[in-house]
Amino acid sequence: MTRDQGPFSHPNRVALVDRYFGKNEVDPTEAWKDVYRLLLWCDPTTGLAHCYESDKSQPGRPWYARTLAFHDWLGEQLDLSNDDLPDALDWMFRQVIEQVAAEESARREALTAKAEDQRRHYDLAMPAPGDDPDLRALIEPLLPTDPSDRADDAVVRDVLRKVRTHIANENKRKNLLGRGFEDVLAGILQRLRGGGPETFAAQAAIEDIPGFRAPRAGDKSEKVDLWVGPSAHRRVLVSTKWSVRADREKQMRGDFLTYVAANSIREPFELVWITNEFDPARLVSNATNTEANRYLLDAVVHICPEALAVVHELGETGLRSTPARLKELIDQGRIIGLGEWLRGLAGG
């Protein structure tokens, strides 16, 4: 199976988006709910809807209280109890992991048969495939001491395998989230109630966008996360980053300068960042960054600014605090919601 055919591939992600939406149109005002149902997940260490880095969101830390507030608010918005909310999120990743599990099961059956054939030539008892001494040492004390109550060793090995698989699968989430975010947004644009933009594409080569030239010979190919062409005189280049690490904040400035160099016509383009970042400092920084006497980003689009207000209690901020600056930028329209941005495209 090639990279373009597996569960994490672009064709499969698009097929899953099509399956999720079916023939339904998307109300721009409600689009954020679809994004969360498809891509938002619950942190396995807290059981709460993820809105910030896991290590900083553990009990006893400030982000744990904020995450509790987010989880409770989101359940109310989706009309779900706090216990039922986790099962309503993470739809795309769940589907992909089911496909991965089916492929892994078939592969394991074939390898098990081959391993047994190879092992039968040895008289000594060899360690069985699927065992993990370190993980077994953690699990063994939790098992009954009475041999009659204990699961047989094959069951223990199966549990060890499932634990390892779960950990490995969680580590694969970032493989889906980055590109999956683009595909979900493209799927929403395709189904906007009242009609979406005529032209849009995810992972478009810069030279395939009207008015941009190809990189110089020897330079790497440049691709844009998402681009939208609502009209002949408006080109919107979109950077889709679910969240942004502090050491990656300079990346968008580099992207902007690359696009400026590739722009082959006099007409300007728009650069937009769509994100689910909850760190107020990172949002403020990107919303206020400038380049050549203009804002670097024409718009900072958050999936749901109302969630930011809940997490940071924006109605109760101090005058000089970063959350207060965040609220000011939202009030000014420098940071807008996904629904507002989608409605703006219709008027482009």
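Each of 92, 252 was scored by other Cβ atoms within 10 Å of its Cβ. Listed from fewest to most, they are 252, 92. Would you mind pulling out the separation of the Cα centroids of the range 267-290 and the range 208-224, in Å? Result: 23 Å between the Cα centres.
Can you bin the range 274-348 into rounded, prolate or oblate? Criterion: square roots of the alpha carbon gyration tensor eigenvalues sorted a ≥ b ≥ c, rounded for a/c under 1.5, prolate for a/b above b/c, oblate for the rest.
Oblate, because a/c is 1.5 or more while a/b does not exceed b/c.
With R₀ set to 41 Å, the beta-carbon distance separating residue 321 from residue 193 gives a calculated FRET efficiency near 0.60. With kT/(6 pi eta Rh) evaluated at 4 °C and eta = 1.567 mPa s, and Rh the Kirkwood radius from Cα pairs, the range 197-346 diffuses with a coefficient of 80 µm²/s according to Stokes-Einstein. Measuring r between the beta carbons of residue 250 and residue 146 and using R0 = 45 Å, the FRET efficiency lands at 0.15.
The DSSP beta bridges internal to the range 227-311 are antiparallel in roughly 35% of cases.
Remark: for residue pairs 23/241; 56/172; 114/241; 23/56, the C-alpha separation exceeds 32 Å in 114/241; 23/56. Sparsely packed loop sites in the range 5-54 (the trypsin sites (Lys or Arg not before Pro) outside DSSP H, G, I, E and B with at most 13 other Cβ atoms within 10 Å) comprise 23. Under a 5 Å amide H cut-off, with hydrogens placed 1.01 Å from N, residue 27 pairs with 193 among residues at least 5 apart or on other chains.
Within the range 197-346, DSSP assigns beta bridges of which about 50% are antiparallel (rounded to the nearest 5).
Laboratory data are not the source of any read-out in this text; all were calculated from the coordinates shown. The shown structure was predicted, so the numbers you read here are calculated from the model rather than taken from an experiment. Positions of Cβ are backbone-derived with ideal geometry, glycine not excepted, and every protein chain shown enters the neighbour counts.
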